[in-house]
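The values are calculated or read from the model by the stated rules, or taken from the named source; none is laboratory data. Remember, predicted model here, so these are calculated numbers, not experimental data. Note: ideal-geometry Cβ built from the backbone for every residue, glycine included; neighbour counts use all protein chains shown.
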Amino acid sequence: MIKQKKIPMRQCIGCREMHPKKELMRVVKSKDGEIAVDSVGKLPGRGAYICRGEACLAKAQKTKAIERAFETTISPEVYELLRAALSEVDDGE
Ligand SMILES: [Zn+2]
């Protein structure tokens, strides 16, 4: 029997679909309440995952999914930062 490595799955807060963790972007809220894209996957703080695309970010913005995930309000400027970060990291590796 071939032992298959289990792929960690996470739910995108935009489309609410499960995706392999490494295909998603991690967004974190730091201790001081700052929202940032965790490009290394190691930032401390509460995290949420989102697909690497503007469509899911737009959805998350519309449904306020990120705000609910982090229990905070997110300014349009932060969404702009997230959008810029998401469009930067398309294929990654
Ligand atoms: Zn998604």
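Read through the list (1) within 12 Å of the ligand (Cβ to nearest atom); (2) at pLDDT 90 or above, then give the number of the only condition that residue 53 fails.
(2)
Considering only region 4-22, state which residues are touching a residue at least 24 places away in the same chain (Cβ under 8 Å) and either away from the ligand (no atom under 14 Å from the Cβ) or not in a loop (DSSP other than H, G, I, E, B) (or both).
Matches in region 4-22: 10, 11, 12, 19, 21.
For region 23-53, which residues satisfy the criterion of being part of a loop (DSSP other than H, G, I, E, B) and aliphatic (A, V, I, L, M)?
40, 43
Which residues, counting only those in region 23-32, are within 12 Å of the ligand (Cβ to nearest atom) and not hydrophobic (A, V, I, L, M, F, W, C)?
Residue satisfying the conditions is 23 alone.
For region 18-45, give me each residue that is in contact with a helix residue (DSSP H, G or I) (Cβ under 8 Å, 6 or more places away or on another chain), β-branched (Val, Ile, Thr) and at pLDDT 90 or above.
Within region 18-45, 27, 35 meet the criteria.
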